[in-house]
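Participant: My structure is below; once you've seen it, I'll send some questions.
Every number here is computed from the coordinates shown, using simple stated rules; none is lab data. Treat the numbers as computed from the prediction; the structure is a model and nothing was measured. Virtual Cβ from ideal backbone geometry, glycine too; neighbours counted across all protein chains shown.
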Amino acid sequence: MSFPVFDLHCDTAYALLGEDRNSVGSLKKNGLHIDLERAGTLGGYAQCFACFTTPMMEQWYHISPITIFERELATIQREIDKNKRKIGLAYTAQDVRRNFEKGKASAVMTLEGTAGFGYDPALLEDLYMIGFRMVSLTWNEQNPLAGSCQTGGGLTDQGKVFVEEAQRLGMMVDVSHLSDEAFWDIMKITRGPVVASHSNSRTLCDVSRNLTDDMFRAICETGGVVGLNQFAKFVGDNANLDTICDHLLHFMQMDPDAEHIALGGDLDGCDQLTEGFEGVHSYSAMAQRILARGVGEDTLSRIYWTNALGVMERCCM
Ligand SMILES: [Zn+2]
């Protein structure tokens, strides 16, 4: 049995830049976590491709995050174009459905961190026109918009304008890397569904990148979704397919019909995956594990596909 997969976060665009952050690998087939060949074994596929930037890139590579942002963007656009019979850019949920019906995968462009365009809310409209449909405010640093899970610090006035502008344009707001303070600041002002694209349960794995039960419930109340993350560090000790199921079942105690749970594997953005999860094709093995834990097929297909599609429908016009 195969299920279509809609995954809310990967860093494949960044990983394809290679060691020197300059070379471009291929989306068709590579040694990373995601390529189209392995995704082709799934029963359908939609993937949010993040353009990841942080001011730390200056120190890491002596390259401006603006330059890296442009290279990631060019990589996504070029790889979609080179493989256009297999994958198409999706601006709306309708585009994802249309691609699916044609047997094609969908790529949704998203932002992880805002250093790549100088934290400027006025540039969001340009990013929207290019095709970005989900934005985060920061990665792991405190910046002019908000504090992060590693630094603390709330939402700034500029951050508030950023959230309002993103939601006005029709972009999903992603809270995965935010500090708790900034998370709750956004909950006070949000006018639509909020997404934690790649975060697990802090009750089961106590790291600041994961969500407390109150945070999970607050996201449910907005009509948003949470994407299950395969990074072993955020799954917990002995991270394997059963422990990732534990996170799912814990969220389902608060959301019995699993209407607010989705996938956000963090593939190509983490150095150690959950055991038994080797790459995008492993979503099939994970589905079998979830079914074996007593979750029904209808519920599984909501988690794997419909919930992410629904939140995109509600946010992205
Ligand atoms: Zn991340």
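Participant: Determine by what factor the alpha-carbon radius of gyration of segment 5-315 differs from 2.2 N^0.38 Å, reporting the quotient.
Facilitator: Values: Rg = 17.6 Å, N = 311, 2.2 N^0.38 = 19.5 Å.
Normalised Cα radius of gyration, segment 5-315: 0.91.
Participant: Please enumerate, by chain and number, the lysines with C-alpha under 20 Å from the C-alpha of LYS188, excluding those fewer than 8 residues away in the same chain.
Facilitator: LYS160
Participant: Write down the percent of antiparallel bridges among all DSSP beta bridges whose residues are both part of segment 5-315, to the nearest 5. Write down the numbers at each step before the final one.
Facilitator: Working: 4 of 33 bridges.
Here the share of antiparallel DSSP bridges comes out near 10 percent.
Participant: Would you order CYS51, CYS315 from fewest to most other beta-carbon atoms within 10 Å of each residue's own beta-carbon?
Facilitator: Details: CYS51 27, CYS315 24.
Ranked by crowding around the Cβ, least crowded first: CYS315, CYS51.
Participant: Find which of SER208, LEU36, VAL135 sits farthest along the positive direction of the dipole of the chain, computed with +1 on the beta-carbon of Lys and Arg, -1 on that of Asp and Glu, about the Cα centre.
Facilitator: LEU36
Participant: While we're looking at this one, here's another question. What Kirkwood hydrodynamic radius do you get for segment 79-233 when you take the inverse of the mean 1/r over all pairs of distinct Cα atoms, in Å?
Facilitator: It works out to 16.2 Å.
Participant: I would also like to ask the following. Considering only Cα-Cα distances, which of the following residue pairs are longer than 26 Å: LYS28/LYS102; LYS29/LYS102; LYS86/LYS233; LYS104/LYS233; LYS84/LYS233? Please list the in-between numbers first.
Facilitator: On the way: LYS28/LYS102 18 Å; LYS29/LYS102 21 Å; LYS86/LYS233 33 Å; LYS104/LYS233 33 Å; LYS84/LYS233 35 Å.
Correct reply: LYS86/LYS233; LYS104/LYS233; LYS84/LYS233.
Participant: By average Cβ neighbour count within 10 Å, what is the ranking of 54-61, 213-220 from highest down? If you can, show how the numbers build up before the last one.
Facilitator: Working: 54-61: 15.4, 213-220: 19.1.
In decreasing order of mean packing, 54-61, 213-220 become 213-220, 54-61.
Participant: Just round it to a whole percent: the fraction of Cα-Cα distances in segment 240-315 exceeding 16 Å.
Facilitator: Values: 1437 of 2850 pairs.
Of all Cα-Cα pairs in segment 240-315, 50 percent lie more than 16 Å apart.
Participant: Ordered by residue, what ³J(HN,Hα) values in Hz, to whole numbers, does segment 290-298 give under the Karplus form 6.51 cos²θ - 1.76 cosθ + 1.60, where θ = phi - 60° and Gly and Pro are x?
Facilitator: My calculation for segment 290-298 gives 5, 4, 5, 8, x, 7, x, 5, 5 Hz in order.
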